[in-house]
Every structure is written in structure tokens, then in C-alpha cells.
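Engineer: Dropping the structure in here first, questions after.
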Amino acid sequence: MELFTNQVLAGIATGAIYACMALAVVMIYQAIDHLNFAQGEMAMFSTFISWQLMQWGIPYWWAFLLTLAISFAGGIVIERLLFKPLAKAPILTNVAGFIALFAIINSVAGLIWDFTIKQYPTPFGSSPFLGSQLISTHQAGMIGVTVILLILLYMFFQFTRVGLAMRAAAAMPESARLVGINTSWMIALGWGMAAAIGSIAGILIAPVVFLEPNMMGGVLIYGFAAAVLGGLTSPLGAVVGGFLVGVFENLAGTYIPGVGNELKLPIALALIITVLVVKPAGLFGRPIIKRV
Amino acid sequence: MTAMLNIKDLRAYYGQVQALHGLEFALNEGSMTTLLGANGAGKTTTLRAICNMVRSTGTIEFEGAALNGRSTENIVRLGIAHVPQGRGTFTTMTVEENLQLGAISRGDRKAIPGDIERMYDHFPVLKERHTQQAGTLSGGEQQMLAVARALMLRPRLMLLDEPSFGLAPLIVRDLFKILGKINRDDKVTILVVEQNAQLALELADTAYVIETGRIVMSGAANDIANNEDVRKSYLGY
Amino acid sequence: MSAVQEVVTEAPAIDAVPRKAMTLGRGTSLAVLLLLLLFPLFVKNFIIFQLTTVLIYGIAVLALNILTGGSGQFSLGQSAFYALGAYTSAILIEHANMNYALTLPIAGVICFVFGFLFGLPALRLSGVYLALATFALATAMPQLLKLGFIEHWTGGVQGLVVTKPDAPFGLPMSQDMWLYYFTLAIAIGIYVASVNLLTSRSGRALMAIRDNEIAASAMGVDVALYKTLAFGVSAGITGVAGGLGAIAVQFVAPDSYTIQLAINLFLGMVVGGVGWLPGSIIGAAFIVFIPNVAESISKGLSGAVFGVLLFIVIFLVPHGARQVAFVAQSLIGKLRKN
């Protein structure tokens with residue numbers, strides 16, 4: 001029993017990473033109604049930018065804020081330049097665009113900063129949290145920041161005009177235009193916010209997985225899975241989903257024989273899909289009725 | 001007096017198919033006009049063309065400003081509210097959020113809560129349900145919500161596409177009474193597209209009849225209502 | 001949580017290709033066929049080998065076109081079926097001494113069965129959820145192929161070497177040239193069969209499902225059966241491609257069949273034009289040659305160059321090669337009138 005609880009706790013700790021990534025995924029989904037495969041790479045690139053700023057002597061928290069701003073702007077620029085022209089193209093073509101973006105960002109990051117692993121600092125320290133061997137102070141910090149982000153996002157969507165406009169534009173774009181909302185700019189804003197959230201995810205994750213251009217590959221998939229599990233329209237679902245995925249992954253690794261590191265991912269995904277077969281809209285998502 | 005809305009030689013296309021063939025008409029400020037015609041005649045297309053929701057050529061002028069080339073949301077911001085077919089309600093949001101959305105493009109935010117209260121006065125049933133999800137409202141209630149949402153814009157011109165669709169006659173009468181009040185008291189110019197010609201002609205002061213993408217008849221609503229030939233040929237009763 | 005459900009009026013995610021535009025005109029088809037038949041006579045063996053690879057990937061992209069463009073189901077998992085087909089052929093050739101040609105139908109049938117079985121639970125998923133499920137399949141496959149208890153058959157991490165066949169009946173051509181014509185014959189056969197499938201009643205049923213599942217079901221189409229069959233057929237064809245790939249490359253190994261392959265096949269489908277079968281070979285050519293072009297432009301930034309080239313293609317022709325074909329067709333039509 002104790003092994004079980006320990007693994008669950010450890011799972012929650014790693015799950016904070018996925019929860020944070022999942023928030024960025026849900027953010028972009030709210031804006032554009034699909035998943036951006038390059039999200040992880042954008043987060044990685046942002047993290048490298050923050051690292052570079054610190055290499056140039058800028059203190060951690062200034063580098064953090066600057067990176068947040070740069071990422072926000074970068075997300076908007078990428079959307080306006082590369083995806084606005086594809087707005088009328090079929091969805092699958094847009095997906096090809098995401099893949100192209102992934103390739104470009106990954107390659108450029110590799111060229112600028114090469115593929116050797118780099119250490120990345122954490123503002124939370126890495127001593128055991130409250131004496132527990134399972135959660136470090138950094139991981140506790142991650143969970144804390146993720147929860148704060150979630151609350152901020154919730155407040156943004158529920159209580160601000162822009163948040164309301166974004167929700168409307170994502171849910172019913174034509175009706176949104178008929179109340180005077182510029183739906184095109186709502187999409188750009190969504191990209192900016194998703195990029196900013198992604199940068200926070202990257203900055204929190206880097207101390208754990210170490211900084212290198214391929215660091216987000218696995219994380220992104222878990223992030224997607226977590227967002228889908230939680231129900232793609234629910235930030236709360238994304239966070240809960242993230243923690244659950246972390247736990248699933250750990251329990252699978254511990255209890256299912258023969259599951260080494262490589263099979264953890266497919267097993268976790270298989271578990272998630274099983275949930276989806278039972279609850280197709282995710283845990284917190286609204287069940288979708290298709291109107292003929 | 002120059003008309004508030006001036007439409008000349010309007011041609012509209014759905015892909016390769018042409019739906020409007022050189023439509024012309026004008027709306028005077030303060031008028032309540034109805035656009036009548038059979039199914040597929042081009043009534044909805046006309047409203048959509050005004051808001052640039054469909055590809056079109058020709059001139060559309062609103063209070064002297066050309067609407068051609070402007071995006072839908074910019075046309076709305078000029079003061080034109082459009083209640084589309086199917087109402088366009090934000091079904092996943094609450095009644096109150098729908099009303100807030102109606103006003104979302106306005107600069108004078110302080111006046112918005114007051115306007116919401118006025119909408120609740122016009123439509124008490126909305127006040128009852130103001131925290132309810134809009135998708136759970138009945139057809140008639142959703143129509144009221146759609147009209148209220150449009151009014152939240154403080155529009156100069158309101159376009160309504162078949163507001164009576166799917167509603168019981170009593171509810172339609174109530175709705176049309178409210179529209180009349182809005183036209184007179186709030187001084188909102190209204191253009192109503194309707195298939196239910198009888199009710200529309202009772203409400204409006206001017207009428208246009210459209211057939212296969214062209215205006216075939218225009219005049220005072222009373223005259224058209226009393227003209228048996230017109231009624232039989234174009235309006236089916 | 002609120003009991004209100006989200007009502008969605010679905011716009012089709014995949015635009016329909018009108019039936020008569022599904023294939024090339026007769027004249028164009030003959031011209032292309034002639035080109036494909038004569039080309040190898042004038043080029044070196046290595047180029048022939050590359051062309052064979054293009055044909056093989058073309059078959060795999062065609063399979064994906066049937067699944068996505070035909071039945072509207074999204075799959076990022078084709079690499080798993082490709083791997084399964086490849087290993088089936090490899091194992092039968094190396095361990096059971098079977099003739100290489102015979103291994104292909106077996107690979108096809110085995111993959112059909114697995115595809116059909118996968119299609120069953122996939123019925124409950126669609127869009128992004130199906131993408132995730134197929135993605136899981138694709139990432140699992142390389143790991144499954146490395147599993148210890150089947151290592152005796154699969155060769156584990158190192159994989160298996162496959163003997164390359166000689167031209168039969170002592171025909172005077174190189175192994176590469178023989179393999180090219182062999183592959184071409186199979187590709188043409190599969191192409192013709194697929195076109196017939198998509199223009200038949202079953203094909204129309206499939207496309208009805210793609211465009212509006214509920215309406216199709218209301219019209220009496222057995223949606224579940226057709227969708228799982230589509231998965232099966234698509235997997236089966238991909239398996240044949242995998243088998244051919246194993247023979248052509250003379251080698252199978254788990255890390256040759258990663259998610260990257262599935263992504264490439266997807267890109268091939270988009271570049272060729274979703275649902276447009278003739279485009280499959282153009283898409284295949286893109287994924288075989290463009291990475292090399294990218295690398296020759298800049299070794300350090302080859303990924304970025306590839307991405308940029310991909311963007312250029314999708315900006316110019318968002319609907320893929322099919323768009324180019326339509327434009328060309330209408331231009332020729334206009335010229336004919338004058």
C-alpha cells in the first residue's frame with residue numbers, strides 16, 4: 001500500500017509538468033479549435049531564450065518576465081505570418097503547417113544552441129519538500145505555479161471582456177462577428193497567450209528534464225493526452241488530466257510487468273484512450289451532440 | 001431626404017451560383033420595412049450581403065458610408081445589428097453573457113449594465129433565466145434573447161431574418177409588438193425579412209417583395225396588404 | 001457540472017473530391033504510365049532504387065488517402081501497419097524461406113486483420129481523439145518490436161537482414177530494375193483497384209460517411225462496418241507497401257518505423273492532395289526527395305529548410321497537387337476552346 005501511495009505522489013509531482021503543458025494546449029484549442037503540434041517546440045525555444053538572457057547576466061525573474069513578453073509577441077507574429085494565410089485552407093493543411101513549424105523551430109534551436117544538455121536553474125531549490133523524499137521543493141513550486149496559472153486563466157475567461165470575446169469567437173465565430181468581435185485577432189491573441197503559457201511550462205520543466213532542443217517531445221504528447229483526458233475545453237480538466245497522466249504513467253511503470261521506460265508512453269496513451277471510449281468528451285468536457 | 005440604407009445593383013454569389021441579380025432598394029431612417037418573398041427568393045442573402053457574409057458586388061451605403069470591402073465585424077460596429085436565421089445565440093453561455101456580448105464592441109462601458117436592465121424590462125422572462133445556459137431556453141425565449149442581444153449594440157439599424165420561424169402565433173404577435181415599440185420609442189430603423197407576410201405587413205410601414213433575386217414590388221405596407229393580386233401572386237394568400 | 005450539452009453543427013473536415021475528378025484523364029494516365037515504364041532504362045541503379053522507394057511510399061500514402069480522404073478517419077498510425085507488413089515479409093523470407101512475392105499477400109492479409117481489429121474500438125473516437133489513439137499505436141510499435149520474448153524471430157534491436165531477389169527466369173536486368181518493375185506492377189494493380197473501390201457503391205458509402213456520418217447512417221449505410229473495413233483495407237495496403245519496403249531496403253529494424261514515418265506519410269497525403277489518389281505518388285516523391293534537397297541546401301539547418309519548403313508548398317497549393325492538376329486541366333480546356 002505504501003508503494004502505491006508513494007507512486008501516486010511521485011506521479012502527481014511529475015504530472016505537474018504535463019498539467020502546465022496541457023494548459024497551453026487547452027489555451028490554443030480554445031482559440032483555434034485544433035491542437036498545435038509545434039506548441040512544445042515553441043515552449044522549448046522560449047526556454048532557450050530565457051537561458052540565453054541569463055547567460056548574458058540578466059537575473060532569473062527579469063529573464064522570466066522578458067521571455068514571457070517575447071513569447072507572447074512571438075506567438076502572435078507566428079500566427080499572423082504563417083497561419084492567417086492558411087485560415088481558409090483545409091484543417092489537414094494547417095496540421096501540415098504545424099509540422100513544418102515544428103521542424104523549423106527544432107532545427108533552428110539546434111543550430112543556435114546545439115544539442116548538448118544544459119543545466120537550467122530553478123527558483124525553488126531542489127531540496128526535499130517538507131522532508132518528503134518524493135516531492136522536491138521545485139516540484140512543489142511547479143504544482144503551485146500551475147494552480148496559480150489555472151486560477152488566472154479561469155478568471156480571465158469568466159470575468160474579463162476579452163476573455164468573454166475569446167470564448168464567443170471560439171464557440172461560434174459567425175455569431176461573434178455579428179456582435180462586432182474581430183475573430184481573426186482573437187485567434188492571434190489565443191496564440192500569443194498559448195505561447196506565453198508554454199514558455200512558463202518550459203521554464204518550469206527544464207530544471208527537471210534538462211535543457212536541450214528535444215526536451216519537449218515526450219512532454220508535449222503527455223500534455224495533449226492530459227488535455228484530451230480532461231476535456232479539451234476545460235482548463236481545470238487539463239490540470240487534473242495532467243496529474244492523472246503522471247500518476248497513470250508511474251503506476252504503469254511500477255505495476256505492469258515488462259513495461260520499461262519505452263513502453264510507458266503507449267501504455268499511458270492506451271489508458272487514456274480507454275477512458276475516452278467510455279467518456280468521449282473527456283472527464284470535464286461537455287458531451288457533444290452533433291446536430292444534423 | 002437621403003435614405004439611411006441605400007442598395008444599388010446588388011449581385012450576390014454562393015460559389016458559382018448567383019443568388020441576387022441586381023437588387024435595388026432604400027430604407028428611410030426610422031422606418032419599419034419588411035422584405036417578403038418565397039423560399040429561396042434571396043431574402044436571407046440580402047441581409048447577409050449587407051453584412052458582407054456572402055460574396056457580392058454592387059453598392060451598399062449606410063448613412064453615407066460605403067459598406068463594400070468592410071469586414072462583418074466592422075459593419076456591425078457602424079451600428080447595424082443582425083439577428084440571423086437560427087438566432088445565432090451563444091448556446092454555451094448564459095443569458096446574461098449573451099447580452100454582454102451584444103454590447104462587447106461598445107466604447108461606453110458604463111452604460112451597459114443599465115442597458116441590460118432595460119432589456120430585462122422589455123423581456124421579463126430573460127431576467128428570470130439570466131444565469132441559465134442560453135441553449136436551454138425555448139424557441140420563443142431564444143428569439144427574445146436574440147433581439148435583446150441585438151439591441152445591446154444600441155444599433156441605428158436592426159436586421160431580422162425570419163424572427164417568426166418556428167414560433168407559436170401568440171409569441172410572434174408579442175414579439176412583433178415589442179419590435180414596433182422599439183422602432184417607435186428607441187428610434188431603431190428595422191428591416192424584417194419574413195415568410196409570414198400577413199403579420200409582417202401589419203407591423204411594417206413599407207414593404208418590398210423579392211423574387212428570384214430581384215425586387216418585383218415595393219410600396220406602403222397597407223397598399224400591398226390590400227392588393228389582392230400582389231398577395232395572390234407573390235405572397236401566397 | 002452543467003447538464004447542458006454542446007451542440008455542434010459539423011462542417012466536413014475533409015473536402016470532397018468530385019467523383020469524375022478522382023483520377024487523371026485517360027491521356028494523362030497513359031503518359032504517366034509510359035514515363036514510369038521507360039524511365040528506369042535511362043538512369044543508374046541508385047536512382048532506380050529511389051524511384052522504387054517513391055512507388056512504395058506512394059502505395060502507403062494511397063492507403064492513407066483511402067482512409068482519410070475516403071472514409072474521413074484520421075490516422076497517424078500507418079507506420080505501425082507498415083512495420084507489421086515489413087516484418088511479416090522479412091520473417092517469412094528469412095525464417096521460412098518463402099518466396100518474396102508470396103509474402104506480400106500474406107503481409108496484406110495480416111495487416112488487414114489488425115487494421116480491422118484496431119478499427120473496432122476506434123469507432124468510438126473521431127478527430128483529435130482518433131489522432132491520439134493512432135499516435136499511440138505508432139509510438140508503441142518500435143518498442144513492441146524490440147520486446148525480448150520475440151527476439152528470436154524479429155532480431156531484436158538489430159533487426160533482420162533480408163535477401164534481395166534476382167530477376168526471375170534469368171531476365172537480363174539488375175536486381176534494382178527488376179524490383180522496380182515488380183513494385184510498379186503491384187502499385188498499378190493497387191491503384192486501379194482503389195479507384196474502382198472509391199467509385200463503386202462501397203466507395204460512395206464511404207464518402208457519404210466521411211461527409212455526414214449521421215445522414216449516411218439514416219440512409220441505411222452500415223457505418224460501423226464500412227469504417228472498420230476502411231481501416232482494414234488501408235492497413236492491408238500499407239502492409240503490402242511495408243513488405244515491399246523490406247525487400248527493397250534489404251533490412252528491417254524497429255527504429256526504421258517510428259512516428260516520423262507516420263508523420264511523413266501524412267505529409268505525403270497533404271502535399272499530394274487529400275483524397276486524390278493520383279496525388280499519392282507526388283506526395284511520396286516529396287517525402288523521399290525534399291529532405292535530401294533540404295540537406296544539400298544546408299546541412300546544419302536541414303530540418304528548418306524542409307519546414308520552409310513545406311510551408312511554401314502549402315501556401316502555394318493548400319489543397320495539394322490536386323489543385324495544380326485542376327488548374328492545369330482548366331487551362332488546357334481553355335486552350336482547346338481557342
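What follows draws every value from the coordinates through simple rules; no lab data is involved. Note that the structure is predicted; figures quoted are calculated from it, not measured. Don't worry about glycine lacking a Cβ; one is built from the backbone with ideal geometry, like all the others, and counts go over all protein chains shown.
Engineer: Along the three principal axes, how long is region B:61-177 when you take its alpha carbons, biggest first, rounded to the nearest angstrom?
Structural biologist: Over region B:61-177, Cα extents along the principal axes are 39, 32, 26 Å.
Engineer: When the convex hull of the C-alpha atoms of region C:197-338 is computed, what volume per residue in Å³ does it have?
Structural biologist: Values: hull volume 25.6 nm³, N = 142.
Here the figure is 180 Å³ per residue.
Engineer: When the convex hull of the C-alpha atoms of region A:1-98 is computed, what volume per residue in Å³ does it have? Display every interim value, and only then the final one.
Structural biologist: Working: hull volume 13.4 nm³, N = 98.
Value for region A:1-98: 137 Å³ per residue.
Engineer: Which value, in Å to one decimal place, does the Kirkwood hydrodynamic radius take for region A:212-256 when every pair of different Cα atoms is included? Mind showing how you got there, number by number?
Structural biologist: On the way: mean 1/r = 0.0916 Å⁻¹.
Evaluated over region A:212-256, this radius sits at 10.9 Å.
Engineer: Give the value in nm², to one decimal: projected area of the alpha carbon convex hull of the protein assembly as shown, averaged over all directions. Don't skip to the answer; put the middle values down first.
Structural biologist: Values: hull surface 171.1 nm².
That works out to 42.8 nm², a quarter of the Cα hull's surface.
Engineer: As a quick test, which of the pairs A:K88/B:K110; A:K264/C:K299; A:K118/C:K299 have an alpha carbon distance above 27 angstrom in this structure? Walk me through the numbers before you get to the answer.
Structural biologist: Working: A:K88/B:K110 38 Å; A:K264/C:K299 34 Å; A:K118/C:K299 23 Å.
Violating the 27 Å Cα-Cα cut-off are A:K88/B:K110; A:K264/C:K299.
Engineer: For chain B, set up a GNM with springs between Cα atoms under 10 Å and report which of B:G107, B:G79, B:G139 has the largest fluctuation.
Structural biologist: Of the options given, B:G107 has the highest mean-square fluctuation.
Engineer: Taking Cα pairs under 8 Å and at least six residues apart, what relative contact order does chain B come out at, in percent?
Structural biologist: Working: 439 pairs, mean separation 65.2, N = 237.
Here the relative contact order equals 28 percent.
Engineer: Further question on the same structure: Which angle from 0 to 90°, rounded to the nearest 10, does the C-alpha axis of helix B:139-151 make with the longest principal axis of chain B?
Structural biologist: 90
Engineer: While we're here: Using the 2.2 N^0.38 Å rule of thumb for compact globular proteins, work out how chain A stacks up: its C-alpha Rg over that value, please.
Structural biologist: That works out to 0.99 for chain A.
Engineer: I would also like to ask the following. Distance between Cα centroids, region A:179-193 to region A:32-48: provide it in whole Å.
Structural biologist: About 18 Å separates the Cα centre of region A:179-193 from the one of region A:32-48.
Engineer: Still on this structure: How many angstrom lie between the C-alpha centres of region C:189-224 and region C:129-158?
Structural biologist: 31
Engineer: Right, another one. Do me a favour and compute the ellipsoid semi-axes for chain C from its Cα gyration tensor, root of five times each eigenvalue, largest one first, whole Å.
Structural biologist: Working: eigenvalues 190, 146, 82 Å².
Equivalent-ellipsoid dimensions as semi-axes: 31, 27, 20 Å.
Engineer: Report the Stokes-Einstein translational diffusion coefficient (µm² s⁻¹, integer) for region B:122-193, Rh taken as the Kirkwood radius over Cα pairs, at 20 °C with viscosity 1.002 mPa s. All intermediate terms of the calculation are to be shown ahead of the outcome.
Structural biologist: On the way: Rh = 12.7 Å.
Taking Rh from Cα pairs, D becomes 169 µm²/s.
Engineer: A further question follows. Sort out the exposed loop trypsin sites (Lys or Arg not before Pro) in chain C (DSSP loop, at most 15 other Cβ within 10 Å) and tell me the longest stretch that has none.
Structural biologist: No qualifying site falls inside C:125-298, the longest such stretch.
Engineer: Another question, then. Only Cα pairs under 8 Å and at least 6 apart count here; give the relative contact order of region C:56-206 as a rounded whole percent. Walk me through the intermediate numbers first.
Structural biologist: Numbers: 112 pairs, mean separation 43.5, N = 151.
In percent, rounded to a whole number, it is 29.
Engineer: Additional query: Evaluate 2.2 N^0.38 Å with N set to the residue count of region B:1-65, then give the Cα radius of gyration divided by it.
Structural biologist: Details: Rg = 11.9 Å, N = 65, 2.2 N^0.38 = 10.7 Å.
Rg over 2.2 N^0.38 Å, computed on Cα atoms: 1.10.
Engineer: Ratio of Rg to Rh for region C:69-143, alpha carbon only, Kirkwood?
Structural biologist: 1.05
Engineer: With θ set to phi - 60° and the Karplus curve 6.51 cos²θ - 1.76 cosθ + 1.60, what are the ³J(HN,Hα) couplings of region C:155-172 in order, to the nearest whole Hz, using x for Gly and Pro?
Structural biologist: x, x, 5, 6, x, 10, 8, 10, 6, 7, x, 8, 5, x, 6, x, 4, x
Engineer: Just to confirm the filter: which chymotrypsin sites (Phe, Trp or Tyr not before Pro) across region A:192-246 are DSSP coil and have at most 15 other Cβ within 10 angstrom of their Cβ? Could you put the intermediate results ahead of the total?
Structural biologist: Values: sites: A:F210, A:Y222, A:F224, A:F243; in loops: A:F210.
In loop regions of region A:192-246 (DSSP not H, G, I, E or B), the sparsely surrounded chymotrypsin sites (Phe, Trp or Tyr not before Pro) are A:F210.
Engineer: For the residues B:V216, C:V61, what sequence is obtained by ranking on other C-beta atoms within 10 Å, fewest first?
Structural biologist: B:V216, C:V61
Engineer: Here's another thing I want to ask about it. Within region A:53-121, report the chymotrypsin sites (Phe, Trp or Tyr not before Pro) that DSSP leaves as loop and that have at most 12 other Cβ atoms within 10 Å. Please report the intermediate quantities before stating the final value.
Structural biologist: Values: sites: A:W56, A:Y60, A:W61, A:W62, A:F64, A:F72, A:F83, A:F98, A:F102, A:W113, A:F115; in loops: A:W56, A:F115.
Here the sparse-neighbourhood loop sites are A:W56, A:F115.
Engineer: Given a cut-off of under 8 Å on Cα pairs at least six residues apart, what relative contact order in percent is computed for region C:192-338?
Structural biologist: Working: 92 pairs, mean separation 20.7, N = 147.
Once divided by the residue count of region C:192-338, the mean separation gives 14 percent.
Engineer: To one decimal place, what orientation-averaged projected area in nm² is obtained for the convex hull of the Cα set of chain B? The partial results should precede the final answer.
Structural biologist: Details: hull surface 50.5 nm².
Mean projected area for chain B: 12.6 nm², to one decimal.
Engineer: Measuring from centroid to centroid over Cα atoms, what is the spacing of region B:27-98 and region A:81-113 in Å?
Structural biologist: 36
Engineer: Specify the residue with the greatest mean-square fluctuation among A:G282, A:G144, A:G180, computed from a Gaussian network of chain A linking alpha-carbon atoms under 10 Å apart.
Structural biologist: Answer for the Gaussian network model of chain A: A:G180.
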